[in-house]
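Q: The structure follows.
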Amino acid sequence: MSDLQCPARLIVARHAEAAYESHDLVDQGGSLTPTGREQSRALGDSLRGERIAHVYASSYSRAVQTGEIAAAALGVGVTVREGLLEVSVGDYAGLPSEPDPIRPIFAQWADGDLDARIPGAENGHEVISRLGDTLDEIADLHRGEAVLVISHGGVMCAALPALARNMRIRDIEGQHLANTAYARFERDGDGWLALEWPGLDL
């Protein structure tokens, strides 16, 4: 079987632990803590046997730093992609993060109301399309290969289950992904298939 016929394998991970300049809701920012740097190295070390071809990361600093450290451990390069960004907080920027004003919108998406929109930001359809288009492009570049993708917990939980033919957003509603926790996905001629999700029996 040629590489073009082989499915691409994506390991999609949340960024490592970061410290933030404020406890209020923000989109950008966050720099890895010493623990986060260790987590990033450990992530790369743990995937050495996977023959990772490349690392892709969201452009937010916490994801770029995670990707660079993991890529160094793997001996591969890093490419930044805007489509891997976290779900934007929109008009909620600068407000306290607790109680989380975005959580009810995530619940609407899990109930199938993808028209629900974060004020000043994306609705569910747009979040899923943005991440899906980016992952499709990455998969097309890496047929027959494995790549590591560094993204964010919110967009991973909101979009990845909707992209996979064997998952639903409802399956992981309310789940919190730990720093550097990852899921495995495969893209073949029939679309995306989830192979592994933390704490979920697939």
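Q: Taking a ≥ b ≥ c as the square roots of the eigenvalues of the Cα gyration tensor of the range 80-139, is the shape rounded (a/c under 1.5), prolate (a/b larger than b/c) or oblate? Don't jump to the answer; show the numbers that get you there.
A: Working: a/c = 2.54, a/b = 1.50, b/c = 1.70.
Taking the square roots of the gyration eigenvalues as a ≥ b ≥ c, the range 80-139 is oblate.
Q: Then there is this: Where is the GNM fluctuation largest for the chain (alpha-carbon springs, 10 angstrom cutoff): R51, R143, R14?
A: R51
Q: Put a dot 7 Å past each Cα toward the Cβ at D111 and D201; how far apart are the dots in nm?
A: The answer from the label model is 2.9 nm.
Q: Another one. What is the diffusion coefficient of the range 82-202 in µm²/s, taking the Kirkwood radius over Cα pairs and the Stokes-Einstein relation at 25 °C with a viscosity of 0.890 mPa s?
A: This corresponds to a translational diffusion coefficient of 164 µm²/s.
Q: Let me ask you something else. To the nearest 20 debye, what charge dipole does the range 1-72 have about its Cα centre, counting +1 at the Cβ of each Lys and Arg and -1 at the Cβ of each Asp and Glu?
A: Details: 7 positive and 9 negative charges, 59 e Å.
Approximately 280 debye in magnitude.
Q: About the Cα centre of the range 1-146, how large is the charge dipole given +1 on each Lys and Arg Cβ and -1 on each Asp and Glu Cβ? Please answer in debye to the nearest 20.
A: Dipole magnitude for the range 1-146 comes out near 620 debye.
Q: Could you let me know the centre-to-centre spacing of the range 143-186 and the range 59-85, using Cα atoms, in angstrom?
A: Each part's Cα centre sits 17 Å from the other's.
Q: First check a/c for the range 26-81, with a ≥ b ≥ c the square roots of the eigenvalues of its C-alpha gyration tensor; if it is under 1.5, answer rounded, and if not, answer prolate when a/b is larger than b/c or oblate otherwise.
A: Note, shape of the range 26-81 comes out oblate.
Q: Cα-Cα pairs above 17 Å in the range 45-153: how many percent?
A: When all Cα pairs of the range 45-153 are counted, 60 percent exceed 17 Å.
Q: Then there is this: Tally Lys/Arg at +1 and Asp/Glu at -1 over every other residue whose Cβ is under 12 Å from the Cβ of T33; what's the total?
A: Combined, the nearby Lys, Arg, Asp and Glu give 0.
Q: For n ≥ 4 DSSP H runs only, could you compute -39500 (n - 2.57) per run for the chain, divide by its residues and tell me the 222 nm figure to the nearest 500?
A: Per the formula, -10000 deg cm²/dmol.
Q: Let me ask you something else. Specify the residue with the greatest mean-square fluctuation among S40, S22, S88, computed from a Gaussian network of the chain linking alpha-carbon atoms under 10 Å apart.
A: Top of the fluctuation ranking is S22.
Q: Run through all the Cα pairs of the chain and give the fraction in each 5 Å bin from 0, expressed as whole percent.
A: All Cα pairs considered, the percentages come to 1, 8, 16, 20, 21, 17, 10, 5, 1, 0, 0.
Q: Can you list residues whose amide H is under 5 Å from I150's amide H, if they're 5+ apart or on another chain and H is modeled 1.01 Å from N?
A: Amide H neighbours of I150, under 5 Å, 5+ apart: A13, Y56, A57, S58.
Q: I've got another one for you. Would you kindly state how much longer the chain becomes between S61 and E82 on full extension, computed as 0.36 nm times their sequence separation minus their alpha carbon distance, in nm to one decimal? Can you show the working numbers first?
A: Values: separation 21, 0.36 × 21 = 7.56 nm, distance 1.19 nm.
Contour length minus Cα-Cα distance gives 6.4 nm.
Rule-based calculations on the coordinates, nothing more; no lab input. Here the structure is a predicted model, which is why all the values come from computation and not from measurement. When we count neighbours, we look across all protein chains shown, and the Cβ atoms used for this are built from the backbone with ideal geometry, even at glycine.
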